[in-house]
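First comes the structure, then the notes that go with it.
The values are calculated or read from the model by the stated rules, or taken from the named source; none is laboratory data. Only a predicted model underlies this, so the values are computations on that prediction, with no experimental measurement involved. For neighbour counting, all protein chains shown are included, and Cβ atoms are generated from backbone atoms with ideal geometry for every residue, glycine included. When the accessible area is computed, the model is the full protein with side chains, heavy atoms only, and any ligands, DNA or RNA have been set aside. Shrake-Rupley method; radii C 1.70, N 1.55, O 1.52, S 1.80 Å.
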Amino acid sequence: EPPALSPQTSERVEVMTRKITRRPRVDKPISKFYSQACFGVFGMDEAYAAAIIDRMQENARRLDIPVGGEGCQVNVLVGFVTDGVEEVQKLRKSDPAIFGSLLDYEYDRIMRGNGAVQAWHGTTVKSSDGREFSGATTADGDSYSINRQYGGSTRMGQPIRVDMDGAIVLIDAKRTPGKTVRQLADYASMRAFVSVDDTSEGGGSGIDTILSLFDEDGFAPGGLTRFDKAYLEAVYKLPANASGQRIHDATWSIYRGEELDEEEEG
């Protein structure tokens, strides 16, 4: 049985949820992994890298994210770098394809936060049953996409979902001394599996979160907290076409120990 919650806890959970969530545009559902995640780590001692991957795989399996086997093509990459901002700028010039699905405002928010980490996702919009959109051409030669979804029964105006195809998390290597493998892997899991920002107010809010790991003045929990687990579970239990507005209520339901109603959005 979960411990008793104070009357202020719901408000604190709401404040934290709203603070960290990178909300999708009003016309897009929450993005998450539907297909397999394949993990890679660079810039870290091989043994530590393997331990980080093991922990991230464990976290993925708890959310029912399919995990790729040995030799799979890496699409969740965690890098420990000397200058994350510079690395992002270099990557944008040398390999623009990995930023292909990002709009300008999404690129700008990569640079937000406390400066220790830059994280982003590649995404694809699909029909809510996971089908790729069909390509078509107008009489004038213009291309467009058609959502040929099976079964047309949906109570939402747009029967679509947003698939995370990949995630990149760049961590400032100078900020890692004193951090455990579990802390680093759990932090990277939060940044890779859901679209969130880090926070410099995790300890002071009364709601602990691993996202405060790189706050120089704050409390750093030993791994995923009760809030973090509730948030991750909420995102992955919500229906494919759920909007960002639903994350708070779903997180609070799970945080206080209730089952989440997974009924489709209407």
Does region 207-251 hold any residues that are more than 17 Å from G178 (Cβ to Cβ), of a type in the set (V, I, T) and either without any contact (Cβ under 8 Å) to a residue 12 or more places away in the chain or not in a loop (DSSP other than H, G, I, E, B) (or both), and which are they?
V235, I247, T251
List pairs: first in region 57-81 and within 17 Å of V181 (Cα to Cα) and open to solvent by less than 30 Å² (accessible area, probe 1.4 Å), second of a type in the set (S, T, Y) and modelled with pLDDT of 95 or more, Cβ under 6 Å, 6+ apart or cross-chain?
N59/S189
Regarding R131, is this residue at pLDDT 75 or above and open to solvent by 30 Å² or more (accessible area, probe 1.4 Å)?
no
Could you identify the single residue in D163, D198, D186 that is at pLDDT 75 or above and assigned to a loop (DSSP other than H, G, I, E, B)?
D198
Consider region 42-56. How many of its residues are exposed (fewer than 15 other Cβ atoms within 10 Å of the Cβ) and touching a strand residue (DSSP E or B) at 6+ places or on another chain (Cβ under 7 Å)?
1
Could you please let me know if I20 is surrounded by 13 or more Cβ atoms within 10 Å (Cβ to Cβ) and more than 16 Å from the chain's Cα centre (by Cα)?
no
Which numbered condition G43 fails, given (1) modelled with pLDDT of 90 or more; (2) out of contact with any Phe, Trp or Tyr (no Cβ under 7 Å at 6 or more places or on another chain):
(2)
